[in-house]
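Presented below is the structure to which this report refers.
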Amino acid sequence: MPSNTIDPAALAEAHRRLAELDRAVDETRSALSRLRACLPPTCVPEQRVGLIEIPDAPYDPAMWQGAEDEGIGGHHH
């Protein structure tokens with residue numbers, strides 16, 4: 001068989017596989033559509049207006065009473 005001739009059986013198989021792929025793509029699109037319909041709508045996160053000011057004054061030492069040291073480097077005795 002010359003190299004520029006397409007085997008009819010191979011061509012038929014290619015058409016069959018393309019049709020199978022086309023059906024699979026349609027099924028996937030349908031499934032995605034159903035999934036989108038089940039999802040709640042997206043919401044835009046609330047945006048904060050302005051900055052939150054953190055004072056430079058030291059915190060009351062009583063606030064740390066009984067707290068464990070979680071500093072970097074572990075405990076030094």
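No lab work stands behind these numbers, since they all come straight from the coordinates. All of these numbers come straight from a predicted model, not from anything done at the bench. For neighbour counting, all protein chains shown are included, and Cβ atoms are generated from backbone atoms with ideal geometry for every residue, glycine included.
Some points to look at:
- Two-site FRET efficiency, THR5 against ASP26, from Cβ-Cβ distance with R₀ of 30 Å, rounded to 0.05: 0.40
- Fully extended contour minus Cα-Cα distance, from ALA12 to LEU35, at 0.36 nm per residue: 4.8 nm
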